[in-house]
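The values are calculated or read from the model by the stated rules, or taken from the named source; none is laboratory data. Keep in mind that this is a model prediction, so the values were computed, not measured. Heads up, the Cβs are rebuilt from the backbone with ideal geometry, glycines too, and the neighbour counts pull from every protein chain shown.
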Amino acid sequence: MAKKEKIVDLKSKPEKVTDNQLERIQNTVNSINASTLEIGRMELQKHEISHRIAGFKDELVLLQDELQKEYGTTDVDLRNGTINYPENGEADKKD
């Protein structure tokens with residue numbers, strides 16, 4: 001069997017990246033962090049808006065109940081307020 005010789009690298013290796021490389025790394029990491037923070041803000045806004053929508057939906061249900069009691073239907077033209085009564089003259093049945 002032949003003995004393998006160890007190769008020793010006598011050349012010194014750099015201890016640091018260049019200032020330019022360090023600045024580019026820092027800028028890139030800072031951009032990632034800022035973008036991640038921005039996504040977090042957007043998700044919070046999305047959550048708050050979703051809660052507002054739920055409140056609006058609850059309000060709409062109350063309005064529909066009011067319309068149903070007063071007019072017997074909830075079918076209203078949103079452009080001009082015209083009540084669209086059923087053609088058979090019967091009140092809408094609420095599910």
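Checking the conditions here, which among 67, 78, 22, 44 is within 35 Å of the chain's Cα centre (by Cα), loosely packed, with under 10 Cβ neighbours inside 10 Å and at pLDDT 95 or above? Lay out the reasoning, then the answer.
Working: 67 fails: loosely packed, with under 10 Cβ neighbours inside 10 Å; 22 fails: loosely packed, with under 10 Cβ neighbours inside 10 Å; 44 fails: loosely packed, with under 10 Cβ neighbours inside 10 Å.
Exactly one residue qualifies, and that residue is 78.
Given (1) surrounded by 10 or more Cβ atoms within 10 Å (Cβ to Cβ); (2) on the phi < 0 side of the Ramachandran plot, identify the lone condition not met by residue 9.
Going through the list (1) surrounded by 10 or more Cβ atoms within 10 Å (Cβ to Cβ); (2) on the phi < 0 side of the Ramachandran plot, residue 9 breaks only (1).
Could you check the range 14-63 and list, in sequence order, the residues that are outside any helix (DSSP H, G or I) and not hydroxyl-bearing (Ser, Thr, Tyr)?
14, 15, 16, 17
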